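To start, the structure itself, in structure tokens.
The values are calculated or read from the model by the stated rules, or taken from the named source; none is laboratory data. Please read these numbers as outputs of a predicted model, since none were measured by experiment. Don't worry about glycine lacking a Cβ; one is built from the backbone with ideal geometry, like all the others, and counts go over all protein chains shown.
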Amino acid sequence: MRIKIFGVLALALLAGCATPPPPAPGSAASKVVAMGDMKNIEVGAMRVARENGFLTVNVQLNNTSSRNKQMYYRFAWLGNDGFPVADAEGWKSLTLYGSQTSFLPAIAPVPKATDFRLEVKTP
Amino acid sequence: MLSIRLCSIAAVALLATGCANNSPSLGSKNINYGDTKAVETVTNEFGSTDLQMIAESMTRSLAQSGILQGRPVVQVYDVKNKTSEYIDTREITTSIKTQLMKTGTARFASDNTQMQSQVDQLKLQNQSGLYKQSTVNKTGNMIAAKYRLEGSISSIVKRSSDYKDVFYKFSLQLIDVESGLAEWMDEKEIRKTTER
């Protein structure tokens, strides 16, 4: 009986330690690379379109805190093979007011870009 | 006695190899190569991040606007600096030109700074008699620009005992040379505040 209880406890512990499943390929979450804890900033819905041959992206950002939050971000533009098709972008700084939902627009630098990653970091 | 001597030689050899510099760098530890793409906030004067943001924003807006159909020839003019600080505006136009060139949406005619070199080279080839005639580039075949690209940067600076606020506004417009019409225009605003 004791062995069974230990077994159940061990399984529960193992399940608790298991890493969350990776985001589904092509999902909004799979496009975001958070460099560390995002401290009250959530990356929400994304709108991706191709306008005049260039990939355009609009990303929703939510500040879940009532205080102003600062974050850094940049996009990496990828080709069909998943490799970058342009030089690395400069990091940019963005302030989100307390409880604000904001939208981050971006345009790919070259028509070859078919996919992207959004790198985000809080100070 | 011999074993003690051997041991001490081995120890010295180990120490010497352990201290050898096998790092591929040389010089002072106070000097480092930094990330050229990092957000630079050393002072609130015009900086590398401002230059990168302006060039990136303007280039992408223009390339994606759809006005540059059929890779038209564009002549880039110097950006007018209307701020109170020294800004190398040629670097802004060079970055915009480089990035537009990489998009493949436009071709560029010799701008005002390159024109003299271009004319000198054509004169040298056609008038000096130094070159084999079959390799000489003929005069009268330069491609004229369909559009000219010109811009300006201005700033509003405010100071109080606690704050210094700098607001930059960069404007760029694409003008059809034949009609004189502005076919595309965009702005980039940047605010930098220092709390003392």
*What residue, among those in region B:151-166 that are part of a strand (DSSP E or B) and among the polar types (S, T, N, Q), is nearest to B:Asp186 (Cα to Cα)?*
B:Ser152
*From the list B:Asp186, B:Asp176, B:Asp165, which residue is in contact with a Ser or Thr (Cβ under 7 Å, 6 or more places away or on another chain) and closer than 26 Å to B:Thr98 by Cα?*
B:Asp186
*asked:* What pairs come out if I take residues in region B:43-54 that are over 17 Å from B:Thr94 (Cα atoms) and pair them with residues that are of a type in the set (Asp, Glu) whose C-beta lies under 9 Å away, six or more apart or interchain?
replied: B:Asn44/B:Asp165; B:Glu45/B:Glu85
*Considering only region A:98-123, state which residues are of a type outside the set (A, V, I, L, M), within 14 Å of chain B (Cβ to nearest Cβ), more than 17 Å from B:Gln52 (Cβ to Cβ) and not in a strand (DSSP E or B).*
A:Pro111, A:Lys112, A:Thr122, A:Pro123
_Number of the condition not met by A:Met71 [criteria: (1) out of contact with any Asp or Glu (no Cβ under 8 Å at 6 or more places or on another chain); (2) over 18 Å from B:Arg60 (Cβ atoms); (3) surrounded by fewer than 17 Cβ atoms within 10 Å (Cβ to Cβ)]_ = (3)
*Do we find a residue being hydroxyl-bearing (Ser, Thr, Tyr), in a loop (DSSP other than H, G, I, E, B), under 17 Å from the mean Cα position of the chain (by Cα) and surrounded by fewer than 17 Cβ atoms within 10 Å (Cβ to Cβ) anywhere in region B:110-123?*
yes
*State which residue pairs qualify: first residue assigned to a loop (DSSP other than H, G, I, E, B) and inside region B:175-189, second residue surrounded by fewer than 14 Cβ atoms within 10 Å (Cβ to Cβ) in any location, beta carbons under 8 Å apart, and separation of 6 or more residues or different chains.*
B:Val177/B:Ala144
*Can you spot a residue in region B:129-150 that is small (Gly, Ala, Ser), outside any loop (DSSP other than H, G, I, E, B) and within 29 Å of the chain's Cα centre (by Cα)?*
no
*B:Lys29 fails exactly one of the following numbered conditions: (1) assigned to a loop (DSSP other than H, G, I, E, B); (2) modelled with pLDDT of 90 or more; (3) among the charged types (D, E, K, R). What is the number of that condition?*
(2)
_Test for B:Leu174: is it surrounded by 12 or more Cβ atoms within 10 Å (Cβ to Cβ) and either closer than 28 Å to B:Arg60 by Cβ or in contact with a helix residue (DSSP H, G or I) (Cβ under 6 Å, 6 or more places away or on another chain) (or both)_ = yes
*With the condition kept exactly as written, say whether any residue in region A:48-68 is within 11 Å of chain B (Cβ to nearest Cβ), under 30 Å from B:Thr105 (Cα atoms) and of a type in the set (Phe, Trp, Tyr).*
yes
_Test set (1) part of a loop (DSSP other than H, G, I, E, B); (2) at the interface with chain A (Cβ under 10 Å from one of its Cβ atoms); (3) aliphatic (A, V, I, L, M); (4) farther than 19 Å from A:Thr56 by Cα - B:Leu51 fails condition number_ = (1)
_If I filter region B:62-105 down to residues being more than 17 Å from the chain's Cα centre (by Cα), among the hydroxyl-bearing types (Ser, Thr, Tyr) and within 25 Å of B:Glu45 (Cα to Cα), which single residue comes out as farthest from the other protein chains (Cβ to nearest Cβ)?_
B:Ser84
*asked:* Filter region B:88-105 down to the residues that are part of a loop (DSSP other than H, G, I, E, B) and surrounded by fewer than 19 Cβ atoms within 10 Å (Cβ to Cβ) and list them by number.
replied: B:Asp88, B:Gly104
